[in-house]
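Rule-based calculations on the coordinates, nothing more; no lab input. Because the structure is a prediction, the values reported are computed rather than measured. Cβ atoms come from the backbone with ideal geometry, glycine included; neighbour counts cover every protein chain shown.
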Amino acid sequence: MRVMSAIFWKEFKGYFLSPVAYVVLTGFTAISGWLFYQLLNYFIRITSIMQGYMVKGQIMREWTLVDDVMTPLYRNLSLLLIIMVPAVTMRLFSEEKKLKTEELLLTCPIRMSSVVIGKYLASLVVLFLMLIPVGVYLAIILIYGTEPDPGTITAGYLGLFLVSFSLAAIGIFASSLTENQIIAFFVCAVTGLFFFSVGLASRSVGTVKFFGHSLDFSELLRQLSLMEHYNHIVAGRIQTTDLAYFLLIIVFFLFGSRVSAESARWS
């Protein structure tokens with residue numbers, strides 16, 4: 001526990017001794033604030049003109065704060081996290097490798113799992129601080145909105161944390177593979193983009209034969225898709241399988257980070 005705590009404070013303070021935390025926090029706050037303002041402004045203007053979404057002169061559904069402000073905001077911000085999270089995690093192991101301080105960790109009689117978790121927790125605190133402004137937008141809607149759906153809106157906010165924490169685990173794994181922070185950034189971003197978009201391929205595949213057994217490949221790709229599970233949460237339909245999916249992503253890549261870092265001891 002002491003090792004984990006020492007690693008956590010070292011990494012957390014390191015974020016604010018460099019421009020990384022300030023750039024990420026300021027950038028995310030500015031972009032998320034601009035998106036929220038644009039969506040809310042459009043919602044106010046469109047609801048003053050018509051009652052709902054119309055097709056061929058008929059109202060298909062009424063405009064709502066959930067469907068037309070918060071849901072688009074959450075989905076746009078989840079894509080923005082593909083860029084922001086790698087910027088937070090890219091230095092965690094790569095900087096150690098580049099400065100050769102990794103050798104101190106490898107030669108000390110400490111568990112590499114404690115190092116990985118300490119670094120991971122430090123990144124989570126930064127991501128938590130980054131997502132706080134979104135909670136302010138949520139509060140504005142709940143306080144001043146007309147008949148908002150607090151359950152669905154709060155579930156979408158929770159989904160952002162799950163996505164960012166999952167991407168952080170991927171980012172630490174990417175950082176453990178190389179001493180080049182730019183490469184670590186792109187490995188994390190590309191891997192995150194893969195998990196976001198893999199569900200799109202489910203539309204073009206069907207059942208395939210595998211060693212004499214039928215495999216619903218489209219369903220497999222949908223279950224592998226991060227966006228599929230995230231959409232369930234944003235819609236307020238939180239299922240155990242969705243929470244288990246994010247937990248498995250986090251555990252899998254943190255374990256991969258531990259194995260990658262530990263392997264340097266025997267290389």
Calculated from backbone phi, Karplus (6.51, -1.76, 1.60) coupling profile of the stretch 220-231 in Hz, x at Gly/Pro: 4, 5, 5, 5, 7, 6, 5, 5, 4, 5, 5, 4
Computed lengthening from T47 to W9, 0.36 nm per intervening residue step minus Cα-Cα distance: 8.8 nm
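How would you rank 80-89, 15-24, highest first, on the average number of other Cβ atoms within 10 Å across their residues? If you can, show how the numbers build up before the last one.
On the way: 80-89: 22.9, 15-24: 14.1.
So the peptides 80-89, 15-24, ranked by packing, come out 80-89, 15-24.
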Which distance in nm do the two modelled labels at V190 and T154 give, with both placed 7 Å along the Cα-to-Cβ direction? 4.1
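Please give the length that would be gained between E179 and Y37 if that part of the chain were fully extended, namely 0.36 nm times their separation in residues minus their C-alpha to C-alpha distance (nm, one decimal). Display every interim value, and only then the final one.
Details: separation 142, 0.36 × 142 = 51.12 nm, distance 3.95 nm.
Length gained, E179 through Y37: 47.2 nm.
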The stretch 176-186 - phi-based ³J(HN,Hα) in whole Hz, Karplus 6.51/-1.76/1.60, Gly and Pro as x: 6, 8, 8, 8, 8, 5, 5, 5, 4, 4, 6
Ranked highest first by average number of other Cβ atoms within 10 Å, how do 173-181, 38-46, 251-259 line up? 173-181, 251-259, 38-46
